[in-house]
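Student: Here's a structure for you.
Any read-out appearing in this document is the output of simple, stated calculations on the displayed coordinates, not a laboratory observation. Here the structure is a predicted model, which means the values were calculated and not measured. For neighbour counting, all protein chains shown are included, and Cβ atoms are generated from backbone atoms with ideal geometry for every residue, glycine included.
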Amino acid sequence: MNNMNSTGNMNGMNDRSRMLRRIDAVDFAIDEMTLYLDTHPSDSRALKTLEQYRKRRAELIGEYESRFGPYILTSNDVTGSRWSWVDNPWPWDYQGN
């Protein structure tokens, strides 16, 4: 069954929302791996997996920021005497959230 809405997005989810969900999923995996490593600190396979998730998170955030602007506000968002994030669309500027 096809659950497309009038804009052609599956279940009403736009690209921005989809990317945020991917980042959230990787964040969840990182949290779980960190908890596991609290009790298994010498598990080299888990450490390698954690590093892969961290790299994937950085890739996803880089992709998100290139398309939609800053993922989170940091001191890097200050340019001169103003915040650069104000130049990007505001949450209510996105259609179909």
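Student: Between R18 and K55, how many nm apart are label points set 7 Å from Cα along the C-beta direction?
Tutor: My value for the distance between the label points is 2.5 nm.
Student: Here is a follow-up. Could you compute the FRET efficiency for L47 and W90, with r as their C-beta to C-beta distance and R0 at 41 Å, rounded to 0.05?
Tutor: Efficiency computed from Cβ-Cβ geometry: 0.55.
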